[in-house]
Amino acid sequence: MSIGAEVPRDRAKRLLVGRGRYVDDISLPRMLHLAFVRSPYAHARIDAIDTSRAMALPGVVAVFTAADLDGAVSSWRAAHKLFPTMAAPEQGVLARDVVRWQGEAVAAVAAESRALAEDGAEQVAVEWHELTPVLDGNQALAPGAPVLHRDMTDNLAYETKITAGDVDAAFAGAAHVAEEHFRFHRHSGISLEPRGIIADFEPSESRLTVHQSHQTPHQQQDLYARLLGLPEHKVRVICPDVGGAFGLKHHLMADELTACVAAKLLARPVKYIADRLESFLSDIHCRDHEVHARMAFSREGEILGLHVDDLFNAGAYGQYPRTSIAEGNQISRLTGAPYRHENYRADLRMAFLNKSILGHIRSVGHPIACAVAERLIDLGAAHLGLDAIEVRRRNYLDDDDFPRTSTGGVEFEYLSLNPCLDKALEIIDVAQFRQEQAEARAKGVYRGIGVATFVELTAIGPEYYGEGGQHISAQETCLLRLEGSGTLRCYTGATDQGQGIDTGIQQVVADVLGLPLGDVEVISGDSALCPVGGGSWGSRGAALAGEAAMRAATTLRRNILSIAASLLQKNAAGLTIEQGVVVDTASGTTHMAVSEIARIGHFQPYSIPEGVAADLTVVERYATRDRMFLAGNGLQIAIVEVDVDSGIVMPLRHLVVHDCGRILNPLLVREQVRGGVVQGIGAALYEELRYDPDGHLLTGSFADYLVPMAGEMPDIEVAHIESPTKTSELGAKGAGEAGTAGAVGAILNAVNDAISPFDASIAEVPITPPRLLRALGRF
Amino acid sequence: MKAPDFDYHRPETLAEALDLLARHGEDAAIIAGGQSLLALLNFRLAAPERLIDIGRLTDLKSLSEDHGHIEIGGLLRHCDLQASPLIARELPLLHKAIGHIAHPAVRHRGTIGGSLAMADPAAELGACCLALDGEFLLVSLQNRRWVAAADFFLGVYQTALRADEILAAVRLPKRRPGSIGIFDEIARRRGDFAMAGLALAAQTGDGGLSDVRLALLGVADRPILAGKTMAFLEGRPINEARIDEAAALIAGEIDPPEDPAYPPAYRRHLTGVLLRRALLELCS
Ligand SMILES: Cc1cc2nc3c(=O)[nH]c(=O)nc-3n(C[C@H](O)[C@H](O)[C@H](O)COP(=O)(O)OP(=O)(O)OC[C@H]3O[C@@H](n4cnc5c(N)ncnc54)[C@H](O)[C@@H]3O)c2cc1C
């Protein structure tokens, strides 16, 4: 059985010995390099651009402004039909007459090297007229605020309300209302390899070939074809090794599209690699929410009602093509979702600001939804004198509550909330911790424990983007090709950015077909070769591409066995495949190798009678039906120590108990969870994109934008409950969001527990040392 | 983030290097470990016409002692100093501080001369040299001069170095019987530049501390001596009440620059915390 086995991924060895091939490792003949002139202002009018001095520099081949690209490429609007009232201002490849964030590209220089292109960019003279920047949601939505977009009358991108039950009555009748004002600051998903692209246009065949560090090659193929006016089958997008993506790399980015247009106009390959400063300035950002929330409790700790009011500080535009609404939408729908409460209200306002576009980064909205509810439960329990873990247990959705549609409107097939809690409490002895905590406090050492229950929405179904009007495949297709020697190639639409999904799919195929793992090679990340698929995002690989692979392998197995049955003159039902050999199921007698069947199938097909299903290349597909998501769930417990003199928080221990249904490979799932936790600890303690009052980014390098580093990270323990989904045969749910979803809430609660003797609390992340000491009144 | 074009020289001798500097001084930059300079070049914050790589000047790589002093060549790397038994024995303050500089990869390239010439206000080595009352040897084609650490640092990235000079050596007094050296700092993550730090050198005796030199990093535009606090500590025994007073005094004495991430009041608070910790360590 290879499903469920702890198989290390082949790719890891290759990357470790330095044989990775990332976009920047690829060099094409006659290739040019692109650098951008980016706006130094958050909000400004462009009065004139003079490119003549740049054009005169040796090595500079072309300089483009928005006007130069008119007619060569279309503009776009990030609209979503499920949110028809959401504003969708027009965006183009280069800013035309107004820049709306510091770092927005206004001109592109193509030169013989990147250094020469940067020399050129320095020589482009832009006449700016500064405009008042709009830098946070409150300012953006205040009357009289400067309006970012010409076709809008204010900066309100979207507004909505979700209500269930009678919230006002629930609050009026409550024994206690816990209330908190939260601030989740802006950060991003920091990939080791920045965004990068090489676009190569062949004019005689009108063919565009793109190498790109990306999560969704087929989506890009469609977008490049439409925006550049090319027939789709003439566009090929290849994603080589991708060094981390986290949601940064599943969008259309204006600078990357510029590289495609430049390649088309110049008929030479054009490379653009975002450097780290450009990444901070122009990548997709995430979070940036101000949330006011209240939770009503009965005296016994029953949750009677919940009200969440979210001010979503979005960016200058919606991200394209998915739009930016999901983060706000997830917060509105997911807050308090693990709990059985009937009276719910969520208000959401989303504002455009003069900051980089904000959108989908790993665990979209989840960390906020989780942290808000989990913090309110701790606050409520403390006030009522109840044990916070017991309050959770009391309100958890229980086995007989399922299936259930939450008050926020999310469908849950099943959540293993109590089993996860039970397992966590077996691993961490909370009573013993409380004793150690008291002893440590007596010595002036402040430790705290924090619990966070989370749900994890994975494997987005076709209804979300299909109904939204986006060309984003939620269907996965798998093509299997048995080679003449009996080894196998598997072509999938899922892509691998380091998470190892290719190994998971390899395991599924090998398992179903009874082949040794090494006989299966998975090929992905090529829009011309691989069947149309959605790529990898939203934790969809195992659940969707895994299921498609299982179906394809099942069909191929049937064909192999029917060929064997006809050759052996036996009944196929009595045969199976083990380690690449067809054997008699009952007796175990070996009959013939799969390689023999492959040889006959390909080279002596006349030996197989007509009418026998003998295809050795098969294709099967899978799409979920009638559901937006597959929901996983879990629980995190963080233990931290707070230095109340410096305000520095040290995570000491971190546990995740997680249920992602059937596990294809525990090694991969644990690493997904650990990586996610580290990213969540980053959000909780370190990562923040800070701006000055003029909207200039202050954190443009790793000296100022702090990421979590190994030295500060605790050991992260991971345990599992396995509740397979019944909606598929494989039973896998996604696993990529879990770590990030719960870590912020767990750390926030742990820090607050640690400082509880001081009658202080904090509700702002990242919890920086000055913020924490302020909360403690230390300076 | 690619450096603008520059010419590159790699002199084999100090004389050759000084000659190049004499000719090109203003338009040239010395490169030692490159750990600070390369970032400046790639961000295009510096655009020298030529780089003079002093990496081959073995004259600047010696470590020597006489009866009262240690002399450290300007090209010795942080890791060389960290591994040196002589430094560990004779300059324990410096030895302790080096462990706080960045990470092994940076310590394997960065040099003491580069760090001092860069004059980052949060650098550990500058504060140590100030606490130890060190001197720096600055040489040019025409001239050699010793400059005291207290006179060397002029502001953020500003020093007494002239365009044609190389920082050739650092001279620091060896520890004496009864001398103490405490180094401590508070950084967000291991290896980060500190939010505040302290280097304390003094003699201990029956009457408490004497010859107190208390240098601070990360709280001004350069490493500074906390004069009032030094005077307060001089010649008096340390007890708990005095520790509180000293911590309050030092927090009031300094005036950290505005910084949106770490406000001045926070750095003042941290400096008090560091001094309290240092004095408590002395008491125990
Ligand atoms: C990630 C990272 C973290 C760091 N963290 C810390 C830290 O925590 N604490 C800390 O103190 N430092 C830190 N540093 C800086 C490090 O210590 C550098 O080594 C040091 O600042 C410069 O030394 P260098 O030899 O690399 O100098 P270079 O980068 O080569 O040069 C720096 C400057 O000094 C000049 N220069 C160099 N040598 C001489 C000389 N002999 N005479 C005259 N001028 C000279 C150069 O012209 C240049 O202007 C860090 C660096 C990095 C990259």
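The values are calculated or read from the model by the stated rules, or taken from the named source; none is laboratory data. Note that this is a predicted model, so its numbers are computed, not measured. Backbone-built Cβ (ideal geometry, glycine too); neighbour counts: all protein chains shown. These accessible areas exclude ligands, DNA and RNA; they are computed on the full protein's heavy atoms, side chains included. Shrake-Rupley method; radii C 1.70, N 1.55, O 1.52, S 1.80 Å.
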* Structure fact -> HN-Hα couplings for the stretch B:29-44 via Karplus (6.51, -1.76, 1.60; θ = phi - 60°), in whole Hz with x for Gly/Pro, come out as 10, 6, 10, 10, x, x, 6, 9, 5, 5, 5, 4, 5, 5, 7, 6
* Structure fact -> Per residue, accessible area of chain A with a 1.4 Å probe, heavy atoms of protein chains only, in Å², comes to 35 Å²
* **For the stretch A:475-622, the fraction of alpha-carbon pairs in successive 10 Å shells from zero, as %** => 13, 42, 30, 13, 2
* **Magnitude of the charge dipole, chain B, Cβ model with Lys/Arg +1 and Asp/Glu -1, debye to 20** => 620 debye
* What dipole magnitude, in Debye to the nearest 20, does chain A give about its Cα centre under +1 on Lys/Arg Cβ and -1 on Asp/Glu Cβ? -> 1040 debye
* Assign unit charges at the C-beta atoms only (+1 for Lys and Arg, -1 for Asp and Glu), then state the dipole size of the stretch B:1-101 relative to its Cα centre in Debye, rounded to the nearest 20. => 480 debye
* **Segments B:96-105, A:450-459, A:307-316 sorted - mean Cβ within 10 Å per residue, highest first** => A:450-459, A:307-316, B:96-105
* Stretch A:ALA760-A:PHE402 to full length: gain in nm at 0.36 nm per residue minus the Cα-Cα span? -> 125.0 nm
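Set the Förster radius R0 to 41 Å, insert the Cβ-Cβ distance between A:ARG21 and A:ARG183 as r into 1/(1 + (r/R0)^6), and round the FRET efficiency to 0.05.
Details: r = 42 Å, r/R0 = 1.02.
It comes out at approximately 0.45.
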* Structure fact -> Taking R0 as 56 Å and r as the Cβ-Cβ distance between A:GLU302 and B:ARG162, the FRET efficiency 1/(1 + (r/R0)^6), rounded to the nearest 0.05, comes to 0.15
* Asked: Hey, with R₀ at 45 Å, roughly what FRET efficiency would A:THR85 and B:ALA248 work out to, going by the Cβ-Cβ distance, to 0.05?
  -> 0.20
* To do: Can you check how the C-alpha radius of gyration of the stretch B:180-283 compares to 2.2 N^0.38 Å, as a plain ratio?
  => 1.03
* Structure fact -> For A:SER113 and B:ASN239, extending 7 Å from Cα along the Cα-Cβ vector and measuring point to point gives, in nm, a value of 7.0 nm
* Structure fact -> Taking only the alpha-carbon atoms of the stretch B:1-81, the convex hull volume per residue, in cubic angstrom, is 109 Å³
* Asked: If the cut-off is a Cα-Cα distance under 12 Å, which aspartates and glutamates reach A:LYS355, setting aside same-chain residues fewer than 8 apart in sequence?
  -> A:GLU104, A:ASP136, A:ASP283, A:ASP288, A:ASP692, A:ASP694
* Asked: In what sequence, highest mean first, do B:30-36, A:420-426 appear when ranked by Cβ atoms within 10 angstrom?
  -> B:30-36, A:420-426
* Please report how far the C-alpha centroid of the stretch A:647-710 lies from that of the stretch A:112-166, rounded to the nearest whole angstrom. => 27 Å
* Once the Cα gyration tensor of chain B is diagonalised, what are the square roots of 5 times its eigenvalues, in whole Å and ordered largest first, as equivalent ellipsoid semi-axes? -> 34, 21, 15
* Asked: Cα centroid distance between the stretch B:237-270 and the stretch A:523-563, in Å?
  -> 63 Å
* Can you pull the mean other chain C-beta count within 10 Å for peptide B:253-263? -> 2
* Asked: Picking from A:HIS176, A:THR495, A:GLN215, whose Cα lies most toward the positive end of the charge dipole for the protein assembly as shown (charges on Cβ: Lys, Arg +1; Asp, Glu -1)?
  -> A:THR495
* Asked: Where does the stretch A:298-384 land on the Kirkwood hydrodynamic radius, alpha-carbon pairs, in angstrom?
  -> 14.1 Å
* **Cα-projected label distance for B:ARG189 with A:HIS591, points at 7 Å along beta-carbon direction, nm** => 5.9 nm
* Structure fact -> Here D for the stretch A:672-776, in µm²/s, from Stokes-Einstein with a Kirkwood Rh over Cα pairs at 4 °C and 1.567 mPa s, works out to 81 µm²/s
* Asked: For the stretch B:58-173, what's the radius of gyration and Dmax over Cα atoms, in angstrom?
  -> 13.0, 38
* Tabulate in residue order the Karplus-calculated ³J(HN,Hα) for the stretch A:620-630, using 6.51 cos²θ - 1.76 cosθ + 1.60 with θ = phi - 60°, rounded to whole Hz; enter x for Gly and Pro. => 9, 10, 8, 9, 6, 10, 6, 8, 6, 8, 9
* Asked: Which shape class applies to the stretch B:225-284: rounded if a/c is under 1.5, otherwise prolate when a/b exceeds b/c and oblate if not, where a ≥ b ≥ c are the square roots of the Cα gyration tensor eigenvalues?
  -> prolate
* Structure fact -> Once the dipole of chain A is set up from charges on Cβ (+1 Lys and Arg, -1 Asp and Glu), the residue from the list A:GLN432, A:PHE280, A:ILE639 lying farthest towards its positive end is A:PHE280
* By its C-alpha gyration tensor, with a ≥ b ≥ c as the square roots of the eigenvalues, how is the stretch A:129-187 shaped: rounded for a/c under 1.5, else prolate for a/b larger than b/c, else oblate? -> prolate
* Structure fact -> The local net charge around A:HIS292, scoring Lys/Arg +1 and Asp/Glu -1 for residues other than A:HIS292 whose Cβ lies under 11 Å from its Cβ, equals -4
* Asked: Looking at the stretch B:185-205, which residues lose a minimum of 40 Å² of accessible area between their chain alone and all protein chains in place, measuring with a 1.4 Å probe and not counting ligands or nucleic acids?
  -> B:ARG188, B:ARG189, B:ARG190
* Carbon and sulfur %, accessible surface of the protein assembly as shown computed with the full protein complex present, 1.4 Å -> 49 percent
* To do: Specify which residue in the list B:GLY114, B:ALA149, B:PRO173 is farthest towards the positive end of the charge dipole of the stretch B:58-173, using unit charges on the beta carbon of Lys, Arg (+1) and Asp, Glu (-1), about the Cα centre.
  => B:GLY114
* Can you pull the Kirkwood radius for the stretch B:7-53, inverse mean 1/r over Cα pairs, to one decimal in Å? -> 10.9 Å
* Asked: Once you put a point 7 Å from the Cα of B:ARG56 and another 7 Å from the Cα of A:GLU722, both along the Cβ direction, what distance in nm separates them?
  -> 6.4 nm
* Asked: Chains A and B: what accessible area do they bury, summed, in square angstrom to the nearest 100, with a 1.4 Å probe?
  -> 2200 Å²
* Give me the Debye-computed log₁₀ of I(q)/I(0) at q = 0.18, 0.20, 0.21 Å⁻¹ for the stretch A:342-425, equal point scatterers on Cα only, no solvent, two decimals. => -1.04, -1.19, -1.26
* Amide H neighbours of B:HIS69 under 5 Å, at least 5 residues apart or on other chains, H built in the peptide plane: list them. => B:LYS174
* At a Cα cut-off below 28 Å, give the lysines reachable from A:LYS726, other chains included and same-chain residues fewer than 8 away excluded. => A:LYS423
* Asked: Mean residue ellipticity at 222 nm from the helices of chain A, using -39,500 (n - 2.57) per DSSP H segment of n ≥ 4 over the full residue count, to the nearest 500 deg cm²/dmol?
  -> -8500 deg cm²/dmol
* To do: Take the Cα coordinates of the stretch A:533-587, assign each an equal point scatterer, and use the Debye formula without solvent to give log10 I(q)/I(0) at q = 0.15, 0.16, 0.26 Å⁻¹.
  => -0.54, -0.58, -0.96
* Kirkwood-based shape ratio for chain A, expressed as Rg/Rh from alpha carbons -> 0.99
* Structure fact -> Losing no less than 40 Å² of accessible area (probe 1.4 Å) relative to the isolated chain, the residues of the stretch A:99-130 are A:GLU118
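Highest mean first, how do B:84-95, A:105-116, A:566-577, A:123-134 rank when packing is the count of other Cβ atoms within 10 Å averaged over residues?
Output ranking for B:84-95, A:105-116, A:566-577, A:123-134: A:105-116, B:84-95, A:123-134, A:566-577.
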* Starting at the first residue of the stretch B:196-203, write each ³J(HN,Hα) from the Karplus equation 6.51 cos²θ - 1.76 cosθ + 1.60 with θ = phi - 60°, in whole Hz, x for Gly and Pro. => 7, x, 8, 10, 10, 10, 6, 9
* **Mean ellipticity per residue at 222 nm, deg cm²/dmol - from DSSP H runs of n ≥ 4 across chain B, formula -39500 (n - 2.57)** => -9500 deg cm²/dmol
* **Whole-Å distance, taken between Cα centres, linking the stretch B:210-235 and the stretch A:32-80** => 53 Å
* What average number of partner chain Cβ atoms lie no more than 10 Å from the Cβ of the residues making up A:766-772? -> 3
